[in-house]
Amino acid sequence: MNFEEAVMPHLDAAYNLARWLMRNEDDAQDMVQEAYLRALRFFGGFHGTDAKAWLLTIVRNTCYTSLKRNKSAELLADFEEVVLTKEADEPDPEAMHLLKVRAQLVNEAIEKLPIEFREVVILRELEELSYKEIAEITAIPIGTVMSRLSRARKRLLVGLRGIVRVEPVDKTAKHKPPAIKCRIELVQAGNN
């Protein structure tokens, strides 16, 4: 398998992770470019079967190195939380507007999470990686991955309390939501 076949299909996932870690599109593009250069340089040493996990590890490490180099307060920040997703059906214009508002609120809540929580949420909920893959990428034990995810989700729920209502998705439904296994609804004033 050559570099292009192994690594190029994961460009979107690499950018997605970098965007959430760096919180800036330009910085994310720079980090992905740097990570791909590193991956190309060290591709000869890659003997695994999971190129996505290998690449995302490089992206993560590249982002952390940049944040440390720039002495980002991000690495010292405390966590706040929320992870959710919009519904899959095509809504009418008013419902679409509400979905955009919801998505913005969720994105803002995710942005407020400390980097350690934000990265596991993105890898699990948006990239749909397993706990084992996340543990490999982040170089932390699986138990720590699960703990961080739990704490991140709780912080997200607390952060969105009063703004959105979170309800579990029906697990018997034929269509599962694209990323996060719950549905949010705006809480109307006086309707708790």
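Key figures for this structure:
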quantity	calculated
Of the criteria (1) at negative phi; (2) modelled with pLDDT of 75 or more; (3) surrounded by fewer than 14 Cβ atoms within 10 Å (Cβ to Cβ), which one Glu119 fails	(3)
Checking Glu81 against (1) modelled with pLDDT of 85 or more; (2) touching a Phe, Trp or Tyr at 6+ places or on another chain (Cβ under 8 Å), the condition it does not meet	(1)
Residue within region 123-134 that is outside the structural domain of Arg19 (by TED's automatic domain parsing), aliphatic (A, V, I, L, M), more than 12 Å from Trp20 (Cβ to Cβ) and outside any loop (DSSP other than H, G, I, E, B) present	yes
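The values are calculated or read from the model by the stated rules, or taken from the named source; none is laboratory data. None of the values given here were measured: they were computed from a predicted structure. Note that we place each Cβ from the backbone using ideal geometry, even for glycine, and neighbour counts take in every protein chain shown.
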